[in-house]
Amino acid sequence: MKVLIIQQKMIGDVLASSILFEAIKNKYPDYELHYLINTHTYPVIEGNSFIDKVQFFTPEHEKSKRKLFEFAKLLRNENYDVIIDVYSKISSNIISFKSKAKTKISKYKHYTAFIYSHTYRNETIAKTNAGIAIENRMQLLEPLNIDTSKIVRPKIFLTDSEKTEAKRFLEANHLDLEKPLFMIGVLGSGINKTYPFGYMAKIIDCIVNKHPESQILFNYIPKQIEDAKTIYTLCQPKTQKQIYFNVFGKSLRDFLALTSHCDALIGNEGGAINMAKALNIPTFTIFSPWIEKEAWNMFDDDKLHTSIHLKDVNPEIYTGKTAKQMKKKSSDLYNIFTAEVIIPRLKAYIKQFKAF
């Protein structure tokens, strides 16, 4: 059997859906499994032995209908037996429709349901600490007679050489791996998913005030450097001395290798948090007030992996409100979700590390 799994969008989505490959291979080791993803997300699944081949959805496919239809024809010639379309986007609908696969699985949308042989509806309440995002993906495997109650955790596969090179890089920049080392997710994927700069600076100050030997790394990409610098300048002078601002991953694989040597990743919810979890690195997640925590608090256990959301401390604000309504109020909600709300829980969290 030949299976194509389609997952567009961001790195965190691609990582989350990679669980489907391990779950399928566990039951059907001889199945040939292909993954269709956006080009820029490849590093997060690089080296994943459960994936037999990667197909790339490129920017050209997004910009040109002609290119998209040509790509759909190319994939049709792969003669897939099964198509699993995780998010059911227009482009993936076209690819699924054009495919000769007899089994086509996706989430239910009334206007595209005719394309698929099997559809499912998203659950809204998690049954396990895996979270809704993971549990809903597992539903996609029911038509393949796979036990969806056996939850698989996302995994990232680093080579020994990548980890060794990252260690050398840290030591060459005068970091002591015997002392606490924290990666801080200082920026989200957008302004409405980014904890306000001044509040984030107070979070970082809290870590250093409580544990002065803490070494701090910032997670940012080159185009975010000015925003990262702003957060740095808002930190207390003694905190700034503990921040190794120029020590950062220049590529996604570099970031992953550096993170693998950290005691924890602390910061904005998003791909970095999910990648740290996939590396078995502890996480403390600050959720944007409009994001549904239940969907993406994957494998929180209130010990190694914990998170905080405004809804945790002010649930009455959310009564009768939809995520869409809350998104429009994100700026106002952040004014309520101050650092003083988060710091007590953060202090309790960082006590657990033996390095302290």
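Between 0 and 90 degrees, the angle of helix 197-210 with respect to the longest Cα principal axis of the chain falls at about 60 degrees.
Quick one: putting +1 on the C-beta of Lys and Arg, -1 on the C-beta of Asp and Glu, what dipole do you get for region 1-126 around its Cα centre, in Debye to the nearest 20? If you can, show how the numbers build up before the last one.
Values: 19 positive and 13 negative charges, 126 e Å.
Dipole of region 1-126, to the nearest 20 debye: 600 debye.
Considering the values [x] 21.3, 63; [y] 23.1, 78; [z] 19.4, 61, which represents Rg and Dmax of the Cα atoms in Å as calculated for the structure under consideration? Label of the calculated value: [x]. Annotation: amide H of Tyr87 within the under-5 Å range of Gln8, sequence separation 5 or more or interchain, hydrogens built in the peptide plane. The residues of the chain present an accessible area of 47 Å² per residue when probed at 1.4 Å with all protein chains retained.
Using Cα pairs under 8 angstrom and six or more residues apart, how large is the relative contact order of the chain, in percent?
Details: 602 pairs, mean separation 54.5, N = 356.
So the answer I get is 15 percent.
Check each of the trypsin sites (Lys or Arg not before Pro) in region 208-292 and keep only those in coil by DSSP with at most 13 other C-beta atoms within 10 angstrom; list them in order. The qualifying sites are Lys241, Lys250. With the charge dipole of the chain set up from +1 on Lys and Arg Cβ and -1 on Asp and Glu Cβ about the Cα centre, the Cα lying farthest toward the positive end among the listed residues Ile336, His305, Ser92 is that of Ser92. Annotation note: chymotrypsin sites (Phe, Trp or Tyr not before Pro) in region 182-266 located in DSSP loop regions with a Cβ neighbour count of at most 14 within 10 Å are absent.
Evaluating 6.51 cos²θ - 1.76 cosθ + 1.60 at θ = phi - 60° for every residue in region 46-57, the Karplus couplings come out as 4, x, 6, 6, 7, 9, 7, 7, 10, 9, 10, 8 Hz, glycine and proline recorded as x. Assuming charge only on the beta carbon of Lys and Arg (+1) and of Asp and Glu (-1), the dipole of the chain about its Cα centre is about 920 debye to the nearest 20. Centre-to-centre separation between the Cα atoms of region 312-356 and those of region 134-159: 29 Å.
Might you report the magnitude of the Cβ-based charge dipole of region 267-356 about its Cα centre, with Lys and Arg at +1 and Asp and Glu at -1, to the nearest 20 debye?
Working: 13 positive and 10 negative charges, 25 e Å.
In debye, rounded to 20, region 267-356 gives about 120.
Surface composition of region 57-201: carbon and sulfur make up 51 percent of the accessible area, probe 1.4 Å.
Write out the trypsin sites (Lys or Arg not before Pro) in region 111-149 meeting two conditions: DSSP loop, and at most 13 other Cβ atoms within 10 Å of their Cβ. Write out the running numbers ahead of the final one.
Numbers: sites: Arg121, Lys127, Arg137; in loops: Arg121, Lys127.
For trypsin sites (Lys or Arg not before Pro) across region 111-149 that sit outside H, G, I, E and B with at most 13 neighbouring Cβ atoms in 10 Å, the list reads Arg121, Lys127.
For Asp81, the solvent-accessible surface computed with a 1.4 Å probe is close to 60 Å², ligands and nucleic acids excluded.
Tally the DSSP beta bridges in the chain and give the antiparallel ones as a percent, rounded to 5. Counting only bridges with both partners in the chain, antiparallel ones make up about 0 percent. Amide H to amide H, with H built 1.01 Å from N, Asn38 comes under 5 Å of Lys9, Phe57, counting only residues 5 or more places away or on other chains. Spatially, region 81-133 and region 179-238 are offset by 38 Å when compared through their Cα centroids. Solvent exposure of Met275, expressed as accessible area, is near 10 Å², computed with a probe of 1.4 Å over the protein chains only. For the chain, the 222 nm mean residue ellipticity estimated from helices alone, with every DSSP H stretch of n ≥ 4 adding -39500 (n - 2.57) and the total spread over all residues, rounds to -10500 deg cm²/dmol. Compute the helix-to-body angle for 339-350: its Cα long axis versus the longest principal axis of the chain, expressed 0 to 90° and rounded to tens. Tilt of helix 339-350: around 90 degrees. For the chain, the longest principal axis of the C-alpha atoms and the axis of helix 160-172 are separated by about 20°.
Residues Val86, Val341, sorted by accessible area with the largest first, give Val341, Val86 [1.4 Å probe; ligands and nucleic acids excluded].
The values are calculated or read from the model by the stated rules, or taken from the named source; none is laboratory data. The model shown is predicted, which means the values in this text are computed figures rather than measured ones. Here Cβ is always computed from backbone atoms with ideal geometry, including for glycine, and neighbour counts include all displayed protein chains. Only protein heavy atoms, including side chains, enter the accessible area calculation; ligands, DNA and RNA are left aside. Shrake-Rupley method; radii C 1.70, N 1.55, O 1.52, S 1.80 Å.
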